[in-house]
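Heads up: the structure comes next, in structure tokens.
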Amino acid sequence: MQNNLITVSLKEFNHAMKTFKLGVPRKNAKKKPIIPPAVLSFFDGILTIESDEKLVNIRATGEWHGKAEFSNSIVNAIAMVPLSTNPLVIKYTGEKLLIGSTSVTCKWTLLNERKINQLSNPSVIDIFAMYRTLPAHQAHADGIAKKYKSVHQAMLKETEKTAKKLSAYEITQEDLITLIEAKTEAKISSNN
């Protein structure tokens with residue numbers, strides 16, 4: 001079994017968890033809509049927790065090979081009653097997710113080596129395709145959203161420069177972006 005254990009600064013963790021503080025619902029409050037589960041993942045030294053359209057990133061160290069999905073109520077409970085062990089250890093045991101001394105039932109998704117390599121060294125077109133096809137929380141957790149923002153800005157600058165050079169041929173920046181979009185669509189189609 002792979003080791004899935006990371007450590008984080010308790011102060012940073014508790015500060016970040018304040019983002020998820022919802023309080024205790026009133027008895028007569030309207031029924032809250034069903035929301036996706038909270039997601040905890042670790043990639044490139046960053047622990048990411050996403051819950052109810054909120055996302056926090058916390059510096060962490062360790063080894064982690066998957067994603068844990070669990071009830072959003074756990075995130076709210078931890079936000080309401082901060083943990084106290086420093087450094088905070090987060091571990092997946094093969095059955096449960098342990099956040100400090102709190103044991104959480106979760107759905108674990110193992111990332112395979114091919115997926116990790118794909119995320120570590122994707123081409124620009126791969127990044128565009130993954131960003132468009134991954135759920136938002138996964139794109140953030142896997143680092144694709146960050147890579148996308150960077151390569152998208154670079155693409156805009158490069159297409160602007162190239163369009164100026166090709167203006168005598170009546171090729172515009174929009175033409176070049178359309179070509180990149182077609183390549184992205186082809187990549188998405190070939191992966192389905």
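List of remarks:
- If only residues of the range 152-192 that are touching a residue at least 24 places away in the same chain (Cβ under 8 Å) and either of a type in the set (S, T, N, Q) or not in a helix (DSSP H, G or I) (or both) are counted, the one that is nearest to ASP126 (Cα to Cα) is THR184.
- Filtered residues of the range 39-79 (kept if farther than 18 Å from GLU12 by Cβ and either free of Cβ contacts under 8 Å to residues at least 60 places away in the same chain or not assigned by TED's automatic domain parsing to the domain that holds LYS18 (or both)): ASP52, GLU53, ALA68, GLU69, PHE70, SER71, ASN72, SER73, ILE74, ASN76, ALA77
- For the range 67-150, the helices (runs of 4 or more DSSP H) that sit wholly inside it and include 1 or more residues that are at pLDDT 75 or above, of a type in the set (Lys, Arg) and surrounded by fewer than 17 Cβ atoms within 10 Å (Cβ to Cβ) are 124-133.
- Those residues of the range 167-182 which are surrounded by 14 or more Cβ atoms within 10 Å (Cβ to Cβ) and either among the aliphatic types (A, V, I, L, M) or closer than 23 Å to THR133 by Cβ (or both), in sequence order: ILE171, LEU176, ILE177, ILE180
- Inclusion of LEU10 among residues that are at pLDDT 90 or above, farther than 20 Å from GLN138 by Cα and either assigned by TED's automatic domain parsing to the domain that holds LYS146 or more than 14 Å from the chain's Cα centre (by Cα) (or both) is warranted.
- Matching residues in the range 46-66 - criterion: being part of a strand (DSSP E or B) and more than 15 Å from GLN138 (Cα to Cα): ILE58, ARG59, THR61, GLY62, GLU63
- Inspection of the range 27-47 identifies no residue that is more than 21 Å from ILE144 (Cβ to Cβ), under 20 Å from the mean Cα position of the chain (by Cα) and at pLDDT 80 or above.
The values are calculated or read from the model by the stated rules, or taken from the named source; none is laboratory data. Because the structure is predicted, anything quoted here is derived from the model rather than measured. So basically every Cβ, Gly included, is an ideal-geometry build from the backbone, and we count neighbours across all protein chains shown.
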